[in-house]
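Just dropping this structure here.
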Amino acid sequence: MKYSITKNISLFRYQYDKKKLFEGAWPIKDGVSVNAYLVQGNEKTALIDYVEEGASFDEELKDLGLTVEDIDILVLNHMEPDHTGGLRDFFKRRPDIPVYCTKVASTELISLYDKKDAHVIKPMEELDLGGTTLTFVPLPNVHWPDTMGTYVKEEGILFSCDAFGAFGETKSVFDDEMTDDERKLLETETERYYANIVAPFSNFVLKAIDAASALELKMICPSHGILWRKDVKFIVDWYKRLATYFAGPREKEITMLLSSMYGNTKALADELVKKAEEAGAKMHVVRIPDDGVSFLLEKAWRSEALVVAAPTYEKAMFPEAVYAMDLLARKGLKGRKSMFFGSSLWSGGAANEYKALAEKMALDVVDAIDYRGVGTEADRAKVFAAFDQIIAAVK
Ligand code: FEO
């Protein structure tokens, strides 16, 4: 779909198939948009980013009375195939189109699409389209090393690539048009997008925010999700907060990763949930594998404390819980106040595996307790005592 942003700038918005996994990994039952932008100067027209393989923007161009032949310049803010997969076909139709991108992107352009003649931008290089100027702003590692933003100084618009993006499909295009339901959707879908896609690059996000703050920003147009024009500061501050969770401080909340085979671990987890409620502590419980690691990442990323509840499975931790912890580690989750408990029968083993993983993640471990069956009174007392320390950490 095509939408007007200004008199000479258009959004080409493509909706991902909700049944697919984004990046082949993350569920998007509420959708995600892929945003590209057409900037028409008095002399030249530039398309900023493209779309996944099998799709094109022919219809959007037609809406403007244009075809691919009318695009003079292709700007690629980064090379991930959600924004470039369709270029394989596009380059067959426009083999000589000038491409502007970063040096790293120029090598990826060869590896992926065998296009060898990209114009490698210099930081803050300008390109005059005739009364409208594009400025190329390197934003490395947000989310890939090749990433840049493209800024239109006459309008104060930053096309920010994956920075300031979100999962979630909305009918609204701009922040000031959002319904209450859309706002509610984006509350979690922005944080899930951040935790799933951007989190490991949080230090680079903070640098990108510094770079963006040096520009006069009237509008932020990311490559996924809503466009921000009424409250640019809101999304910048939100992303700053999300990036700050990497090293802390974080929200005074507890996330529990809960795996249970036959209910013995869940029974004790339910008691802890009640205890947290009584103490007025905010707690998110994410069942693994039932709810999915994508949602665990979202909640754990913002939380100061991580409780892992998982049974022993063949002398080690329940495999799905191990996978979930490994993913948390890969995404840069570290330093949380943490504890472990779980039921076992003919042997323990999960607690030791948790301790090894927790060490890798530099978690601040209160205790790790395997117990037989439903646990003795002494086992339960140990779990409750550890949980008291977790609650104290978020009060
Ligand atoms: Fe939306 Fe990193 O691609």
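How long are the semi-axes of the equivalent ellipsoid of the chain, taking √(5λ) for every eigenvalue λ of the Cα gyration tensor, in whole Å from largest down?
Numbers: eigenvalues 424, 80, 64 Å².
Output for the chain: semi-axes of 46, 20, 18 Å.
Starting from the 7 Å offset along Cα-to-Cβ, what nm value, one decimal, do you get for the label separation of Arg93 and Glu271?
Taking the two extended label points, one gets 6.5 nm.
Which order do the peptides 199-211, 307-319 come out in when sorted by mean C-beta neighbours inside 10 angstrom, highest first?
Ranking, from highest mean packing down: 307-319, 199-211.
Next question. Rank by packing, highest mean first: peptides 348-355, 267-274, with packing defined as the count of other Cβ atoms within 10 Å averaged across residues. Show your work: numbers first, answer last.
Numbers: 348-355: 20.8, 267-274: 17.4.
Packing order, densest peptide first, comes out as 348-355, 267-274.
Now for a separate question. Among residues other than Lys44 whose Cβ falls under 11 Å from its Cβ, what is the net charge (Lys/Arg +1, Asp/Glu -1)?
The answer is -4.
Size of segment 255-394 along its principal axes in angstrom, Cα-based, largest extent first?
Over segment 255-394, Cα extents along the principal axes are 34, 33, 26 Å.
Using a 10 Å cut-off around each Cβ, can you sort Lys115, Lys218 from fewest to most neighbouring Cβ atoms?
Going from sparsest to densest Cβ surroundings: Lys218, Lys115.
Sum -39500 (n - 2.57) across every DSSP H segment of at least 4 residues in the chain, then divide by the residue count to get the 222 nm mean residue ellipticity, nearest 500.
One gets -10000 deg cm²/dmol as the mean residue ellipticity at 222 nm.
Compute the signed sum of charges (Lys and Arg +1, Asp and Glu -1) over the other residues within less than 12 Å, Cβ to Cβ, of Tyr3.
Spelling it out: positives minus negatives among the neighbours equals 0.
Gain in length, Thr376 to Glu69, computed as 0.36 nm per residue apart minus the alpha-carbon separation, to one decimal in nm?
103.0 nm
Right, next: Name the lysines eligible as straight-distance cross-link partners of Lys2: C-alpha to C-alpha under 17 Å, and not fewer than 8 places from it in the same chain.
Hits, sequence-local ones excluded: Lys62, Lys171.
Moving on to the next point. Assuming R0 = 25 Å, can you tell me the calculated FRET efficiency for the pair Ala385 and Glu251, based on Cβ-Cβ distance, to the nearest 0.05?
Rounded to the nearest 0.05, the efficiency is 0.55.
Indicate the helices, whole DSSP H runs only, in the chain that combine a mean Kyte-Doolittle hydropathy of -0.5 or more with a Cα extent along their long axis of 20 angstrom or more.
377-393
On to the next question. Which FRET efficiency, nearest 0.05, do Glu359 and Ile110 yield, Cβ-Cβ r, R0 56 Å?
Numbers: r = 41 Å, r/R0 = 0.74.
Result of the calculation: an efficiency of 0.85.
Which FRET efficiency, nearest 0.05, do Lys62 and Lys282 yield, Cβ-Cβ r, R0 45 Å?
0.35
Kirkwood hydrodynamic radius (Cα pairs, Å) of segment 93-190? Mind dumping the intermediate values first?
Details: mean 1/r = 0.0639 Å⁻¹.
When all Cα pairs of segment 93-190 are included, the Kirkwood radius is 15.7 Å.
The numbers here are math on the coordinates, done by the rules we state, and not lab data. Keep in mind it's a predicted model, so treat the numbers as computed, not measured. For neighbour counting, all protein chains shown are included, and Cβ atoms are generated from backbone atoms with ideal geometry for every residue, glycine included.
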